[in-house]
Amino acid sequence: MTSHSRSHHSAAGANQRRLLLALAITALMTVVELAGGLLANSLALLGDAGHMFTDTMALGLAVAALSLARKPASETRTYGFHRAEVLAALANGAILLAVCGLIFYRAYQRFVEPPEVRGGLMLGVAGIGLAANLAGILVLRSASRENLNIRGAFLHMWGDTISSLGVILAGVIILVTGWTVVDPIISVFIGLLILRGAVKLVMESGDILLEAVPRHLDLARINSALREVPGVRDVHDVHLWTITSGLYAMSCHLLIEDRMVSESGHIVEEVNRVLDRQFGIGHTTLQLECQECQSSPVCRLSDRH
């Protein structure tokens, strides 16, 4: 197991604890905002409670996917269940898109018929929701930069935070001016912010499932680094993809100098060291070729596919 693979495995437990804490916070606030929305007759609070309910389900999905991803590989699933995290991220992105559609629809309804609300209670409950969402963001922020599944959960929490801010702002304006149309205006703004993150999450998940080259890795730079390894003449038939967030794989053909088999092993070790330390690529499949063998009727390594 490479150093990158070990760090990926050790981070999984910490990420799961973060998700469980965020899940508990969101589930509790769903109940609080639902009760507050009913008591205050606030459509904005009820809508935010509905938003938090979808986030609770999304966080639960993220926790389940992370647990599944930690299962060991088997003879039928040689990569294990790592892609479960990517599927969860894609599902969370799709849920966020659906939430955006609901927000836009509800905003239209409020333009047509603005609701009457109890502003004081509305502000109080929204303030509690804001504090809870900020706590969830702090819990998930660092891990969201490295794990796509965590990023999906983080975007849900961020969307909740913006929604709570919108409810608070709308409540203040309604209390001061009585201008209820501000409620759907802020709802549309919230929806647009959530939509931006959701589209990015779906696109990144799709790239992984399509086995695209990770965006932060430069294939030309990797090939150049491998050509500098002593004994390597050229690199071709390169394939580079993401197994799951932070876990990258690569396969390629290495054209090497004519050497003994034992010395060829040293070349493979050095290539793996370069890929792991410089680029964070922890899983490789390398096929060795040599020009001298191509013309030999006895040894034709390059013909073995």
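The values are calculated or read from the model by the stated rules, or taken from the named source; none is laboratory data. Just so you know, these numbers come straight off a predicted model, no measurement behind them. Counting neighbours? That spans all protein chains shown, and the Cβs are built from the backbone with ideal geometry, glycine included.
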- Item | Residues located in the stretch 233-262, provided they are more than 26 Å from R145 (Cα to Cα) and part of a loop (DSSP other than H, G, I, E, B) | E257, D258, R259, M260
- Failed condition for R215, given (1) at pLDDT 90 or above; (2) of a type outside the set (D, E); (3) assigned to a loop (DSSP other than H, G, I, E, B), with all others met? (1)
- Message: Any residue at all in the stretch 70-80 that's more than 16 Å from T30 (Cβ to Cβ) and surrounded by 19 or more Cβ atoms within 10 Å (Cβ to Cβ)?
- Response: no
- Note on the structure: Of the residues in the stretch 92-109, those that are of a type in the set (D, E, K, R) and either free of Cβ contacts under 8 Å to residues at least 12 places away in the same chain or surrounded by 23 or more Cβ atoms within 10 Å (Cβ to Cβ) (or both) number 0
- Task: Filter the stretch 74-121 for residues that are among the hydrophobic types (A, V, I, L, M, F, W, C), more than 21 Å from I194 (Cβ to Cβ) and assigned to a helix (DSSP H, G or I) and give the result.
- Result: A84, V112, L121
- For V117, the lone unmet condition from (1) surrounded by 22 or more Cβ atoms within 10 Å (Cβ to Cβ); (2) within 26 Å of L34 (Cα to Cα); (3) at pLDDT 80 or above is (3)
- Select from the stretch 45-82 the residues that are of a type in the set (K, R) and in contact (Cβ under 8 Å) with a residue 12 or more places away in the chain and list them in ascending order. R70
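Looking for something farther than 28 Å from E113 by Cβ and surrounded by 20 or more Cβ atoms within 10 Å (Cβ to Cβ) - is there at least one such residue anywhere in the stretch 215-224? Can you show your working first?
Kept after step one, since they are farther than 28 Å from E113 by Cβ, are these residues of the stretch 215-224: 215-224.
Keeping just the survivors that are surrounded by 20 or more Cβ atoms within 10 Å (Cβ to Cβ) gives 222.
Checked the stretch 215-224: at least one residue is farther than 28 Å from E113 by Cβ and surrounded by 20 or more Cβ atoms within 10 Å (Cβ to Cβ).
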- Could you say whether any residue in the stretch 184-207 is of a type outside the set (G, A, S), in a loop (DSSP other than H, G, I, E, B) and surrounded by 18 or more Cβ atoms within 10 Å (Cβ to Cβ)? no
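Suppose we filter the stretch 166-181 for residues that are of a type in the set (V, I, T) and within 33 Å of the chain's Cα centre (by Cα); how many remain? Before the answer, list the steps.
Of the stretch 166-181, the ones of a type in the set (V, I, T) are 167-168, 172-174, 176-177, 180-181.
Next, from what is left, pick out any that are within 33 Å of the chain's Cα centre (by Cα): 167-168.
Qualifying residue count, the stretch 166-181: 2.
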- Exactly one of (1) more than 30 Å from I208 (Cβ to Cβ); (2) surrounded by fewer than 21 Cβ atoms within 10 Å (Cβ to Cβ) is unmet by M122. Its number? (2)
- Item | Residues located in the stretch 226-273, provided they are exposed (fewer than 14 other Cβ atoms within 10 Å of the Cβ) and hydrophobic (A, V, I, L, M, F, W, C) | M260, V261
